[in-house]
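Undergrad: My questions will all concern the structure given below.
The values are calculated or read from the model by the stated rules, or taken from the named source; none is laboratory data. Computed from a prediction, not measured in an experiment: that's the story for all the values here. Positions of Cβ are generated from backbone atoms using ideal geometry, with glycine treated the same way; all protein chains shown enter the neighbour counts. Side chains are part of the model used for accessible areas, which takes the heavy atoms of the whole protein and leaves out ligands, DNA and RNA. Shrake-Rupley method; radii C 1.70, N 1.55, O 1.52, S 1.80 Å.
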Amino acid sequence: MLNFSHNPGGWSKDLDLLVSRMRAIHPNLYHTHGFEVWAEAIEEFKERLPSMAWYEMVAGVLRLAALAGDGHTTIFDMPEQGPGFDRRYPVDCWCCPDGMYVTRTLEGCRELFGGRIKCMNGFLVEEVIEALRPYISADNELWMLYRMPVYLRVPGILHAAGLSESVEAPLELTIVDDEGYPSTIEVEAIEAGTEPDWCATDDNVDAAAPKPLYRRNVSHYTFDFDEAEQVLYVDHRRVRDAEDETLAAFSERLFDFVDAHPVEKFVLDIRQNAGGNLSLNQPLVHGLIANKRLNQPSKLFVIIGRGTFSATMHLASYIERETHALFVGEPTGSTPNHYGDPELICLPHTGLTLFCSTVFWQNSEPWDARPWLFPDLPSPLAFADYLQRRDPALEAIRCYKAGANGERRLPWTIWRRPGQERAWPALAQMARINP
């Protein structure tokens, strides 16, 4: 149970326990920041404890965990009680190549729809990102972007990062319309744990098209077959067994369907799959390897993105290593070789629980230091695509012609291709497109 009382002595003991456990169980705690950086951060944390509020203590733990430099060493589920954490701003944001936009909010905040976010609480978007970056545990920049909206909704984190006047203050957003005119809207926080009555931005514009396939599914996994184009689209959201069907049973049903239908292009969409149980990946991977009709660059496609993480990154690595698949979308939110299998650390005085990685997985070659798996067919989502309910990744696959985009490649060697090291724009760079 969480303890909200101001207890610097107890907090200090929690901090000692946290550091001790992280040093004991993490395979390489100093792989991103050396011992000296950690020692300085811990000393500064302890010096500030007597004057800290509870939400600052929690933010400090997040910041310390982020020094580990991997996405599994963190507090995954933010507290929903206590000062600064008992409320949330009902705003969901997404970073596109042309800036940051509100994608969901409450019915009463329609003024936010369609405009690009220029400032938050008077700070430019790039300043907000730089202030929050130290609190977000991530394997790479893309996972940081993926997790960013969660942190933007928490008043305690924003105040601890120096981005608001108090934990009670509303979130002030400066929105710029298509003609460059700014307007400022205040959004009040609502009780944490309350599921907002979300209203999506594209539901409030004249979008004639239906929502794209990747935004229709709410189950663990499903598939859709376009008979006209003979494209089989598989939306894979969780590496976990569903209540009514195991992943192994789904994989068997999926490949039975493939055998019985004239599938010309097989599309596996894992851009929104943040992981689960990696041991469940095998039936799907084996099915792709074994199907010689589909296991070739012109027929097998995998859509990846910033939400591709953890057990799903294992899946992507297996497919990259063992098949001829082409990857489409944006870079993954995890690295091919990454730290994972986190163990829970419970802090007795604050009641906080934090995860810490225990294994360094090498599903690629040991010296593969890529920060992500980069797509063969980069297809980022612009905000105009979102509003018009287009899916650039699936469109790129539908338009792909065999032999038109390069030679056939063998598995395993694909990551050595020139261009894999190219940087993907960080959010701050995206925001500067439209200053």
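Undergrad: Give me the residue from the stretch 244-293 that is within 17 Å of residue 321 (Cα to Cα) and over 29 Å from the mean Cα position of the chain (by Cα) and, out of that set, least open to solvent (accessible area, probe 1.4 Å).
TA: 291
Undergrad: Could you pull out every one of the strands (runs of 3 or more DSSP E) wholly within the stretch 276-375 that has 3 or more residues that are in contact (Cβ under 8 Å) with a residue 24 or more places away in the chain? Steps first, answer last, please.
TA: On the way: elements: 300-304, 326-329, 337-340, 343-346, 353-356, 359-362.
Fully inside the stretch 276-375 and qualifying: 300-304, 326-329, 337-340, 353-356, 359-362.
Undergrad: Output the residues belonging to the stretch 32-66 that are open to solvent by 40 Å² or more (accessible area, probe 1.4 Å) and touching a residue at least 12 places away in the same chain (Cβ under 8 Å).
TA: Scanning the stretch 32-66 gives 32, 33, 37, 46, 48, 50, 56, 63.
Undergrad: Of the numbered conditions (1) aliphatic (A, V, I, L, M); (2) touching a Lys or Arg at 6+ places or on another chain (Cβ under 8 Å); (3) more than 28 Å from residue 310 (Cβ to Cβ), residue 53 fails exactly one; give the number of that condition.
TA: It fails just one condition, (2).
Undergrad: Here's a follow-up. Determine whether the stretch 10-18 contains at least one residue that is touching a His at 6+ places or on another chain (Cβ under 8 Å), open to solvent by 40 Å² or more (accessible area, probe 1.4 Å) and either farther than 30 Å from residue 199 by Cα or basic (Lys, Arg) (or both).
TA: Looking only at the stretch 10-18, we keep the residues that are touching a His at 6+ places or on another chain (Cβ under 8 Å), and these are 10-11, 13-14.
In the following step, the residues that additionally are open to solvent by 40 Å² or more (accessible area, probe 1.4 Å) were identified as 13.
Of the ones still in play, those that are also either farther than 30 Å from residue 199 by Cα or basic (Lys, Arg) (or both) are 13.
Looking through the stretch 10-18, at least one residue is touching a His at 6+ places or on another chain (Cβ under 8 Å), open to solvent by 40 Å² or more (accessible area, probe 1.4 Å) and either farther than 30 Å from residue 199 by Cα or basic (Lys, Arg) (or both).
Undergrad: While we're looking at this one, here's another question. On the basis of being of a type in the set (Phe, Trp, Tyr) and open to solvent by 60 Å² or more (accessible area, probe 1.4 Å), does residue 4 make the cut?
TA: Values: of a type in the set (Phe, Trp, Tyr): yes; open to solvent by 60 Å² or more (accessible area, probe 1.4 Å): yes.
In short, yes.
Undergrad: While we're looking at this one, here's another question. Report the residue count in the stretch 91-116 for those that are over 14 Å from residue 178 (Cβ atoms) and not in a helix (DSSP H, G or I).
TA: The number of residues fulfilling the criteria is 13.
Undergrad: Considering (1) within 30 Å of residue 278 (Cβ to Cβ); (2) open to solvent by less than 70 Å² (accessible area, probe 1.4 Å), say which one residue 238 fails and leave the rest.
TA: (2)
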